[in-house]
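Remarks on the structure that follows.
The values are calculated or read from the model by the stated rules, or taken from the named source; none is laboratory data. This structure is a prediction, so every number in the text was calculated from the model and none was measured. Positions of Cβ are generated from backbone atoms using ideal geometry, with glycine treated the same way; all protein chains shown enter the neighbour counts. We work out accessible area using only protein heavy atoms, side chains counted, and drop any ligands, DNA or RNA first. Shrake-Rupley method; radii C 1.70, N 1.55, O 1.52, S 1.80 Å.
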Amino acid sequence: LMDFILNAIRNNKGVSLPGLGSFAVGRCTDLLHGGASVRAPVFVLHPKFDVLPQKKARFFLKKPATYTRINSLGLSKRCGFHKAGVTHVLKEFFDRIATCLESESPVDVDFTFARLTNVHSRVEFTFYQSFLNDYDIMGEEQPEVVRRRYLKIGEDKELTDKVTNVTPLAQEEAAKKAAELK
């Protein structure tokens, strides 16, 4: 998933994460440097999170970006699972993060090129400097290290059979057995 998002951003496409927010890249106003116009990546939380305390964003898009959907089929082929299983896992993943943000529970999601946190009752999204270097952007500060603590996200929950046991091979075998019984 993170590779898909990163590739989309590098190809100047935004990516929508249903119920959570969206990534985009384009001409932005840089508030740290007096409103200068720069090409930069941005992450915008879903409007339902506007009531939560948030770190003020540094970059704001000047015009709407082009967005792409998450390619569940491509991800399923790469993972070796059925598309429905991958779609279900993604939905659960985004829902769990959204639920934790809404309840102001601790969140620490590492996107490999950025981090979404809600550790001190304030939602923050920070791109890593190594990623910003691709856009010739100097970071305003280093993100606080919160990775060394264990952040429990929600209650323990067992995965459903739909997620854990559905693979293309298992589905083909089940179809063959069903055909034999007919």
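Would the stretch 42-61 turn up any residue that is touching a Gly at 6+ places or on another chain (Cβ under 7 Å) and more than 19 Å from Gly19 (Cβ to Cβ)?
Yes: one or more hits.
Among the residues of the stretch 37-71, which ones are closer than 30 Å to Ala175 by Cβ and over 14 Å from the mean Cα position of the chain (by Cα)?
Within the stretch 37-71, no residue meets the criteria.
Give the number of residues within the stretch 94-113 that are open to solvent by 50 Å² or more (accessible area, probe 1.4 Å) and in contact (Cβ under 8 Å) with a residue 60 or more places away in the chain.
2
Can you give me the number of residues within the stretch 1-16 that are modelled with pLDDT under 90 and in contact with a helix residue (DSSP H, G or I) (Cβ under 6 Å, 6 or more places away or on another chain)?
Of the residues in the stretch 1-16, 0 are modelled with pLDDT under 90 and in contact with a helix residue (DSSP H, G or I) (Cβ under 6 Å, 6 or more places away or on another chain).
Filtering the stretch 99-134 down to residues that are part of a loop (DSSP other than H, G, I, E, B), farther than 22 Å from Phe60 by Cβ and of a type in the set (S, T, N, Q), which residue is nearest to the chain's Cα centre (by Cα)?
Residue satisfying both the conditions and the ranking: Thr112.
Considering each of Ala65, Ala57 in turn, give the residue that is farther than 22 Å from Arg122 by Cβ and at pLDDT below 90.
Ala65
For the stretch 13-26, state whether one or more residues are more than 17 Å from the chain's Cα centre (by Cα) and touching a residue at least 24 places away in the same chain (Cβ under 8 Å).
yes
Could you list all residues from the stretch 38-83 that are open to solvent by 40 Å² or more (accessible area, probe 1.4 Å), among the hydrophobic types (A, V, I, L, M, F, W, C) and part of a helix (DSSP H, G or I)?
Of everything in the stretch 38-83, those that are open to solvent by 40 Å² or more (accessible area, probe 1.4 Å), among the hydrophobic types (A, V, I, L, M, F, W, C) and part of a helix (DSSP H, G or I) turn out to be Leu73, Cys79.
Out of the residues in the stretch 18-35 meeting the condition of being open to solvent by 40 Å² or more (accessible area, probe 1.4 Å) and part of a loop (DSSP other than H, G, I, E, B), tell me which one is farthest from Ala98 (Cα to Cα).
The selected residue is Gly34.
For the stretch 17-26, how many residues are closer than 19 Å to Val38 by Cα and touching a helix residue (DSSP H, G or I) at 6+ places or on another chain (Cβ under 7 Å)?
2
So which residues in the stretch 84-93 are surrounded by 14 or more Cβ atoms within 10 Å (Cβ to Cβ) and under 17 Å from Gly19 (Cα atoms)?
The answer is Val86, Thr87, His88, Val89, Leu90, Glu92, Phe93.
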